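Working notes, structure below.
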Amino acid sequence: MPLEQAKHPSAHQEPEKDSEEHIREVVTKKSENHLFMPEETLQRLLTSLDQFEDQQLFTSTSISLSFLSTHLHTNTKYLSYLIKQYKQKDFNSYINDLRINYIIKQLKEDAEWRKYKISILAEKAGFSSHSKFTSIFKTYTGLSPSVFIQYLAEEEPASVKL
């Protein structure tokens, strides 16, 4: 094949090549999960991750990727992959998301939690510091924890009247 023809394939050749490449990509993507980890391992880890969330173990200040992978009887590579693929987050974002949602739920459902100092809320959620908690809370909600609590307190009388 002349060099010029190789640079500019005919219309007949191009779709064939594109079609072959497309099929290869689809097959690769479909089998990627199966090549990376067996299906039974994937299902076991997803179930274990759900249990981790239900048991609220994310509130532990010592939680880390290596700690959680040991707890789930897997390795960090599998766990990291699992969180990225099925939670669409990296490990730290995943844990922060769980912690912030946990605190928001507690604040909404139990007015007693609204009386706690911000540092106590940070501790209960598993954050290492008041300032880290406040910063991450504001990133997720757009409000500082104290403003969020104030907002909930103002909303409460309206919901009680209903």
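Read the figures in this text as sums done on the coordinates, not as results from a lab. Everything numeric here is computed off the predicted structure, so don't read it as measured data. Virtual Cβ from ideal backbone geometry, glycine too; neighbours counted across all protein chains shown.
In order along the range 78-84, the Karplus-derived 3J(HN,Hα) couplings, from 6.51 cos²θ - 1.76 cosθ + 1.60 at θ = phi - 60°, round to 4, 5, 4, 4, 4, 5, 5 Hz, and Gly and Pro are given as x.
Kindly provide the trypsin sites (Lys or Arg not before Pro) of the range 62-162 that DSSP labels as loop, not H, G, I, E or B, and whose Cβ sees at most 12 other Cβ atoms within 10 Å.
Sites meeting the loop and neighbour criteria: K117.
Remark: F127, F91 ranked as F91, F127, counting other beta-carbon atoms within 10 Å and listing the fewest first.
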